[in-house]
1. Peptide A:136-145: average number of partner chain Cβ atoms within 10 Å per residue?
2. Explain nothing, just the number: relative contact order of chain A, from Cα pairs under 8 Å at least 6 residues apart, as a whole percent.
3. Let me check against my output: what whole-number percent is the relative contact order of segment B:66-187, with C-alpha pairs under 8 Å and at least 6 apart?
4. Return the average number of partner chain Cβ atoms within 10 angstrom of each residue Cβ along peptide B:81-89.
5. Under a cut-off of 23 Å between alpha-carbon atoms, report the lysines in cross-link reach of A:LYS270, not counting same-chain residues fewer than 8 places apart.
6. Cα convex hull of segment A:92-184: mean projected area in nm², to one decimal?
7. Could you identify which residue out of B:GLY122, B:GLY237, B:GLY176 has the top mean-square fluctuation in a GNM of chain B using Cα springs shorter than 10 Å?
8. Cut-off under 28 Å on the C-alpha distance; same-chain residues fewer than 8 positions from A:LYS51 excluded. Which lysines are left, in chain and number order?
Amino acid sequence: KCFLPPGVLSHLSLLEVQARSRGSQVPQQPSRVKELKAKVEALTSQRDQLKAEAPVDKQRVDGEDEEMDVDSESSELFHLMARHSELMDLLHAHNLIGGYDAITTNRGKSMCFSLATQYEGVYLDTYNLELNLKPNVRISRHNIPPFIPLNSLAEQSDLQTDVRAFLATVSQHLNAFAGRRQQLKLVKEQHKSVEVMESNLLCSILVLMFTVPKKTPLLCTLEYTDHTRCLPTQVHLNCEDELLPDSPKWKKNCSLLMEVPVHRALTAIKKASDII
Amino acid sequence: MDNSAKHLLQRLVRRIPVSMLKSTLDKWERLTAEKRKSLDFTQSKWIITQELVALYITENPNQGMWHTFQLVEPEDDAHSVELMQFKELFKSHLRELQRNVSVKIKKHTDQAVWIRVAWGDGLSSPNHLKATYVVLYLQTPYVFVNALSSKHKPLLLQALTLSTRHQQIKAANLSGQKLTALRDLLMRQYQQVKLRVEKVQAEASANRHRMARETFGDGMLPALQSAVFKLETKFKGPTNEAMTQRDEPFICSVKFSSSNLLESLRHCASSGIASTPVTPMLSSIPLKGRNYFVITDNVLTA
C-alpha cells in the first residue's frame, strides 16, 4: 500500500499524459542536456582565452569608454547648442519677415505680442501689447506711448476678426515713429551746425535752422503728416531773402528732403556747400 | 507755492531795491543761471514777482493739486497740430470766452507745453498770483491742470478742446500732488509689463512676485500718492441687521495714501498681504491710469 498525499496520483497521471503527447522529444532530453553542457564548456574556455589576451588593452578600453562618455556628453551639448542657434536663427528670420514674438498669458485667456522697431538695420525699442481674447478681443496692457492712437487704430481694423491686420498697422506706426525719432537723433549728432528749433513727441514735425554761406539763416519746416512713413510729406522754407527758397538750387534741396531721410539729405546739402 | 509764500515773495521783492535785485537773486542761487538770464529786470517789480512765482512753479511742479483731463474725439487734423498753431488758437479761443485774461505759453525741452493763465474779470486786471497752470503734450490726449476755479473751468476746458482740435474733454479721474507721477503713469514711461516667457514656478512666493511685477511694473514706479474708492454699494454685514435691511446704498469713501502708492501695492501683492492675482480694483490704477473710482453694486465704473 502507498501513503501518497491527495492529488499526487492525478498529478502523476497528468505527467504521464503530457509525456505521451510530447512523443519522441522526451527521450532526447538527456542527450540535449549533454549537448548544452558541452557548449557551456566550450564558451567558458573561449572566454577565458579572450580574458587572457585582454588585460593589456583593458585600460585603453576603459579609457575609450570614458572618452566616449565625454564625447557623447559634449556631443550632446554641441547638439543642443546647434539646435538652440538654429531656433534663434529661425526666430530672427521670423521677426525679419514681419512675425512677432507672441506668448499666451493669463492661462490662455490673453496673448501678448512683442513689436520690435528698427531703422536702417539698427534695432530700436520694443513695445509690448497684450490682448484679452475672451469674451471678445480687447486691448489689455501695453507700453505703447499715448501719442500712437491705439484705440482709433483698433477701431479701424476689426479686432475681432483680423488681429494680424491690426498688429501690422500698429507695427507700421511704431516703426515709422521710431524711424523719425532716430533721424532726429542722427541730425543732432551728425549736424551740429544745424539747430533744431522745434520737434514734438510724435516726431511728426521738425523745424530746423540752417546757416546759408552768406550767413543768412534759413528756417526749414518738415511736416510728416503720414504717420506710417519716415519721410516728410511737406517741406517749407522761410528766409529773410525771399528769393532764396525759390532758387533752383533750393527747390532741388526741398525735393531731396522729401525723398531722402533728413540726416542724409543734410549731408548731401552740406557737401554741395549750400549750407554750413 | 501756497498763497502765503507768494505774498511773502511779493513783499520781499518790493522791499529789495531794484539795483540790488539781480545780485540778490544771483546770491540766492535757487534759480539756474539760464532762468536768471530770462528775467527782465527793467520790468516792474510786480511783473518780476509774477515771473519768479511762475519760474518756481515750473521748477517745482510736484505741489498743489493737479487734475487730469482727457481730450476725446479728435478731429482729422488733431494729430498735426503744432506749437505755433496751438498757441494762436488757444489764446484767441480763450480771449473770445473771457476778455480779461493774460496767457503765457512756453514749451519745455521735454516737449511739455506749459500754459499760465491769469484771470481778470470785468473790473480788475488779471491776477497773476492766482494763476491757473496747464501742462499738456501735443499729440497726446492728456491735460494736467492746477489751481482752476469752478468759475473758470468751463472756459479753460473749451479753449483747450478747440485749440487741440478735439470735440470733447472729460475728467480722467487721476489727480495728485506730484505732476511727474501722474505724467509718468499716463505716458507709460516706466518699466511696465515684463512680458517674456517665464517658466511656471512651483513656488507660491515666486508666483506672487511675478504677478505683482506684471500688474504694477518693474523698477521705479511713478510716485502716485493716493487713490480714492467711493463705494455706493448695499451694506453687507451679518451682525448689523438694521444696516443690512436698508434699501439705500451705503455711501463710503476709502482712501489709500502713501509716499509711493504703486510701490506699496506691488509690495502688498508680492508679500501676500493682498491676494494674487491682483484684484481689478487695484490693478485698474496702473492699467487705466486713474486714481478715483466709484464702485456700485454691479460694476466698477466712472
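The values are calculated or read from the model by the stated rules, or taken from the named source; none is laboratory data. Model, not experiment: these values are computed from the prediction. Don't worry about glycine lacking a Cβ; one is built from the backbone with ideal geometry, like all the others, and counts go over all protein chains shown. In case anyone asks, the SASA skips ligands and DNA or RNA and just uses the protein heavy atoms, side chains included. Shrake-Rupley method; radii C 1.70, N 1.55, O 1.52, S 1.80 Å.
1. Values: counts 0, 0, 0, 0, 2, 10, 5, 8, 1, 7.
Counting other chains' Cβ atoms within 10 Å and averaging over A:136-145 gives 3.
2. Working: 288 pairs, mean separation 23.7, N = 276.
9 percent.
3. Numbers: 209 pairs, mean separation 47.0, N = 122.
It rounds to 39 percent for segment B:66-187.
4. 2
5. Within reach: A:LYS185, A:LYS188, A:LYS192, A:LYS214, A:LYS215, A:LYS249, A:LYS251, A:LYS252.
6. On the way: hull surface 24.9 nm².
Taking the Cα atoms of segment A:92-184, their convex hull projects to 6.2 nm² on average.
7. Fluctuation is largest for B:GLY237.
8. Counting by Cα, and skipping residues close in sequence, A:LYS51 has these lysines nearby: A:LYS34, A:LYS37, A:LYS39.
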